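Report on one structure; see the data block that follows.
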Amino acid sequence: MAAMILLISGCKSSRMISASSNQTDTLSDTTSVVEDTYYITQQGDTLASLNEEVTIGIHRLMKDTLSIIGVGDIMLGTNFPDSSYLPPDNGRYLLEAARPFLVDADVTFGNLEGVILNEGGEQKKCKNPELCYLFRSPESLANELKLSGFDVMSTANNHAGDFGDEGRQNTMRVLDSLNIHHAGQQVKPQVTFKIDGIKYGFAAFAPNSGTMSINDHEAAKEIIQGLDSICDVVIVSFHGGAEGKKYQHVLREEEIFYGENRGNVYQFSHDLIDAGADIVFGHGPHVVRAIEVYNQRFIAYSLGNFCTYARFNLNKESGYAPIINVFTNAEGEFYEARIIPFVQYSPGGPVLDKENRVIPKIRELTNKDFPEGNLSIDEKGYIRIIIQ
């Protein structure tokens with residue numbers, strides 16, 4: 001009798017990123033090898049009965065560098081209260097300028113504001129109608145998300161319930177039909193998926209009814225711990241923090257806005273990274289906020305408005321629409337990132353900003369809110385850890 005014994009030894013690649021001037025602006029796309037041990041016997045023999053051993057090796061090829069893109073709020077147009085808020089040509093050109101960047105990543109994420117529903121649904125009742133906007137995007141617009149490379153989206157935000165359960169259910173149905181992964185609703189708090197041999201976990205949180213709560217840290221940590229136990233990389237999205245240009249700073253405390261607890265986004269992000277999250281993408285304030293690398297894991301505290309047609313204030317800093325491309329190893333550890341400077345002008349849709357205005361803004365906010373940090377953001381938008 002013979003047994004084949006597959007011997008495994010761990011083999012990882014490591015990499016140091018610095019802000020030195022002679023560093024190239026690209027990351028190599030190599031592979032690392034992870035080996036596992038298996039014991040194979042013939043005809044059900046046990047190890048105790050074997051008299052011959054054969055050693056062979058099996059290698060699992062994994063990418064050395066992953067590219068994970070995050071963008072902020074997306075609302076491609078709404079037919080409520082009427083069709084005047086829909087883009088021309090069924091939104092065909094809305095994401096055209098950004099598409100080459102969005103598709104050039106292993107995983108591309110965005111926050112879906114509103115619901116995907118052609119008509120009907122139970123309209124959300126607002127305490128103050130003057131502050132209330134409802135977003136209902138026709139199903140025909142959703143295909144632009146798939147064409148533009150989106151792999152996973154958050155459905156946890158204050159507009160996910162704009163048209164009741166009918167809106168929630170139809171949104172999830174349409175995303176499923178397009179093979180776009182999603183999470184954030186209480187009925188679907190998390191999702192896992194595989195791309196090129198890497199298993200990703202994703203969960204999303206918000207302070208709003210029907211979503212997974214950003215204010216219940218213990219429940220959130222339990223979700224992330226579960227994902228971390230079965231996934232290579234865990235991505236988190238949160239919708240939190242006060243809204244507007246007056247609220248661009250990370251306060252490290254709970255933020256109350258119009259009587260609603262919008263969470264302590266700083267503590268929440270740190271708690272979830274401690275629980276096993278690898279990347280945290282924030283949104284909600286409708287403006288950009290600082291970035292941070294905590295325990296070698298990347299956090300963007302707000303990515304602003306990315307593609308928000310007709311019903312959003314896009315003046316000045318509210319129009320900043322960055323794409324952030326985060327490069328990690330196969331376990332989610334931060335290598336470097338890049339801010340790609342897009343901007344929106346009314347009525348909406350991202351275009352490249354020749355003035356690169358969002359880059360110095362994020363640098364300013366990061367230096368102010370995290371003076372103890374060790375990040376460098378250069379004029380091209382590259383984010384690197386400064387090696388002391």
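The numbers here are math on the coordinates, done by the rules we state, and not lab data. Every value quoted in this text rests on a predicted model; they were computed, and no experiment measured them. Quick reminder, even Gly has a Cβ in these numbers, built from the backbone with ideal geometry, and neighbours come from all protein chains shown.
Here the simple spin-label model places points 7 Å from the Cα toward Cβ, and for R92 and N143 these points are separated by 1.1 nm.
Partners of K380 within straight-line reach, counting lysines whose Cα lies under 29 Å from its Cα and excluding those fewer than 8 residues away in the same chain: K63, K146, K245, K246, K316, K354, K361, K368. Taking a straight Cα-Cα cut-off under 19 Å and skipping sequence neighbours fewer than 8 places away in the same chain, the aspartates and glutamates within cross-link reach of K125 are D82, E113, D162, D165, E166, E260. For the stretch 66-385, the convex hull drawn through the C-alpha positions has a volume of 115 cubic angstrom per residue.
Measuring nothing but how far apart in sequence close Cα pairs (under 8 Å, 6+ apart) lie, relative to its length, the stretch 164-212 scores a relative contact order of 29 percent.
Computed on the stretch 90-176, with alpha-carbon pairs under 8 angstrom and 6+ residues apart, the relative contact order is 43 percent.
Spatial offset of the stretch 353-381 relative to the stretch 139-187 amounts to 31 Å, using the alpha carbon center of each.
Shown for C231, C132: other C-beta atoms within 10 Å of each C-beta, ranked fewest to most, produce the order C132, C231.
The simple spin-label model puts a point 7 Å past each Cα toward its Cβ; for E222 and D271 those points are separated by 1.3 nm. Taking a straight line from the alpha carbon of K221, these lysines sit under 23 Å away, with near neighbours fewer than eight places off in the same chain left out: K188, K194, K199. Rounded to whole Å, the principal axis extents of the Cα atoms in the stretch 193-343 read 42, 33, 26, largest first.
For the stretch 159-279, the relative contact order is 21 percent, taking Cα pairs closer than 8 Å that sit 6 or more residues apart in sequence and dividing their mean separation by the residue count. Placing a pseudo-label 7 Å from each Cα along the Cα-to-Cβ vector at D196 and S346 gives an inter-label distance of 4.1 nm. Stretching D378 away from E122 to a fully extended chain increases their span by 87.4 nm, per 0.36 nm per residue minus the current alpha-carbon distance.
Panel order for I299, I195, I377, by other beta carbons found within 10 Å of each beta carbon, from fewest to most: I195, I377, I299. Computed from backbone phi with θ = phi - 60° and the Karplus coefficients 6.51, -1.76 and 1.60, the 3J(HN,Hα) list for the stretch 241-249 is x, 5, 9, x, 5, 6, 10, 8, 9 Hz; x is used for glycine and proline. When the convex hull of its Cα atoms is viewed from all sides, the stretch 130-214 shows a mean projected area of 6.2 nm².
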